[in-house]
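Scroll down for the structure; my scribbles are underneath it.
The values are calculated or read from the model by the stated rules, or taken from the named source; none is laboratory data. Since this is a predicted model, take the numbers as computed values, not measurements. All Cβ positions, even for glycine, are placed from backbone atoms using ideal geometry, and neighbour counts span all protein chains on display.
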Amino acid sequence: MIKKVLIANRGEIALRIVRACNELGIKTLAVYSEADVQSLHVQLADEAICIGPAVSNQSYLKSDRIIAAAEIADVDAIHPGYGFLAENAEFAEQCADCKIKFIGPSTDAIINFGDKAKARDMAVKAKVPVIPGSDGVIDNEKEALKVAKEIGFPVIIKAVAGGGGKGMRTAHNAVAFAKEFNSARNEAEKAFGNGAVYLEKFLEAPRHIEIQVLGDQFGNVIHLGERDCSVQRRHQKLIEEAPSPFISDETRKKMGRDAVKLAKSVNYEGAGTIEFLVDSKQNYYFIEMNTRIQVEHGVTEEVTGVDLVKEQLLIASGQKLSYEQKDIKFIRHAIECRVCAEDPARNFAPCPGEISLYYPPGGHGVRIDSHVYGGYTIPPHYDSMISKVITFGRNRELALDRMDRALKEYLIRGINTNISFSRAIIKDPTFRSGSATTKYIEEFMKRAPKNLYT
Ligand code: ADP
């Protein structure tokens, strides 16, 4: 069993990992930047080492400093959380070279799924449906236009290294194509240092449905059902729930089976998420696999009762999965709202600063995953997400009513947040009817009076 873990992350996920380690009797080492001295994960971990200045590429992305901290503190594993180095194959390799267990899948799996065009190939090989698109990367504009015409407009141009909705452009016709193709390439080059792109047919109003999987070192793989993450702003998830109010039992079964098939085809180890788009006729298509724990993992935990982070730690310790597929039951409905320090009135501009007053909601069926507290100053250097509110209940209606109540109770003063915006969505009849697609937020913002959520 792993005895001591370095947590190579910050914020709520670092705290989440500390909690799982504490329950398993595993010692924790927090690493932190100069801007995060006040953060709860630093205070709650058994030990903490400062690894550099605030900017991520001088601290949380500095693999050599993290490995040095691991060696000084004599840890036997590193949990990368999500973001930062979580999908960095070189870092995983460095860990292996230093005989430190990287809590995640094999380096090969990280490399193959980290490149979205390669990931598509893997899905095709495993006979999992993909969206019609180009055969891998296309770098020639003329060739790309030819393929786009074959696929049929609209098409979406996507960065192979893409993430967080960056490096993605939609072209509705041949005239717009060249401009969009080049902007996607430029944005990808800037964001990821890799301008390679591929093409897919653009689905007009799909659902984003993803399947959580767990695999161990013995080739066992199970799925833990889906999460519906269709409520997105600029391709970034805002609200996630499970079970999906849209997919049928038959589609759910097929998607779960295909997700397991794909993970098994690469002997997948650890927690992973296989993302699909689903059209109005319940046809589903693979879009990517994330080889790490996701922000929205708590939704699945509340629906199934499985602690995913503990499972990651047990799998990394060389244990067999604690569950077989037949043990996984979907016992209730859960929904998550991401709380961000941002101002909906100023086009969701980040809003760091000191939280002067903080009172989180509680009571039956409410879970808060957050590292902030009253008097805490949110640094401007990182992602604006400061908390996740997860509510759950016997059915969707109860979980939604509870979310409405929890968001109403949530008091954060000193900074602006998107809490009212999320609450307006929870109350919106279209959302409540269960019919939201990935186009929903755009349409909601067009019709909802601004004073409803600012
Ligand atoms: P990222 O890794 O940047 O999050 P994804 O490939 O996961 O990118 O896609 C993010 C979101 O972009 C999807 O959930 C969906 O809303 C939209 N999207 C991606 N591909 C398509 C497509 N082919 N058609 C329509 N929407 C798409």
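Taking the condition of being more than 15 Å from the ligand (Cβ to nearest atom) and out of contact with any Leu (no Cβ under 8 Å at 6 or more places or on another chain), how many residues in the stretch 282-294 meet it?
Restricting attention to the stretch 282-294, the residues satisfying the condition of being more than 15 Å from the ligand (Cβ to nearest atom) are 282, 293.
Filter once more, keeping what is out of contact with any Leu (no Cβ under 8 Å at 6 or more places or on another chain): 282.
Result for the stretch 282-294: 1.
Which of the numbered conditions does L203 fail, given that it passes all the others? Conditions: (1) within 10 Å of the ligand (Cβ to nearest atom); (2) touching a Lys or Arg at 6+ places or on another chain (Cβ under 8 Å).
Failing condition for L203: (2).
Is it the case that some residue within the stretch 319-326 is farther than 30 Å from C95 by Cβ, in contact with a strand residue (DSSP E or B) (Cβ under 7 Å, 6 or more places away or on another chain) and among the aromatic types (F, W, Y)?
no
Does the stretch 88-101 contain any residue that is of a type outside the set (A, V, I, L, M), within 16 Å of the ligand (Cβ to nearest atom) and at pLDDT 95 or above? Explain how you work it out, then say what you get.
Step one: filter the stretch 88-101 for residues of a type outside the set (A, V, I, L, M), giving 88, 90-91, 93-95, 97-99, 101.
Narrowing further to those that are within 16 Å of the ligand (Cβ to nearest atom): 88.
Checking which are at pLDDT 95 or above leaves us with 88.
Among the residues of the stretch 88-101, at least one is of a type outside the set (A, V, I, L, M), within 16 Å of the ligand (Cβ to nearest atom) and at pLDDT 95 or above, which makes the answer yes.
Given the condition closer than 20 Å to K116 by Cα and either at pLDDT 95 or above or within 16 Å of the ligand (Cβ to nearest atom) (or both), answer yes or no: does some residue in the stretch 238-257 qualify? Please lay out each step first, then the result.
Going residue by residue through the stretch 238-257, those that are closer than 20 Å to K116 by Cα are 255.
Checking which are either at pLDDT 95 or above or within 16 Å of the ligand (Cβ to nearest atom) (or both) leaves us with 255.
So far as the stretch 238-257 goes, yes, one or more of its residues are closer than 20 Å to K116 by Cα and either at pLDDT 95 or above or within 16 Å of the ligand (Cβ to nearest atom) (or both).
Quick one: which residue in E302, E296, E354 is surrounded by 21 or more Cβ atoms within 10 Å (Cβ to Cβ), farther than 30 Å from I131 by Cα and modelled with pLDDT of 95 or more?
None of the others qualify; the one that does is E302.
Quick one: would you say I335 is touching a Leu at 6+ places or on another chain (Cβ under 7 Å), touching a residue at least 60 places away in the same chain (Cβ under 8 Å) and either among the acidic types (D, E) or closer than 29 Å to V42 by Cα (or both)? Don't jump to the end; show me each part of the working.
Working: touching a Leu at 6+ places or on another chain (Cβ under 7 Å): yes; touching a residue at least 60 places away in the same chain (Cβ under 8 Å): yes; either among the acidic types (D, E) or closer than 29 Å to V42 by Cα (or both): yes.
Against the criterion (touching a Leu at 6+ places or on another chain (Cβ under 7 Å), touching a residue at least 60 places away in the same chain (Cβ under 8 Å) and either among the acidic types (D, E) or closer than 29 Å to V42 by Cα (or both)), I335 qualifies.
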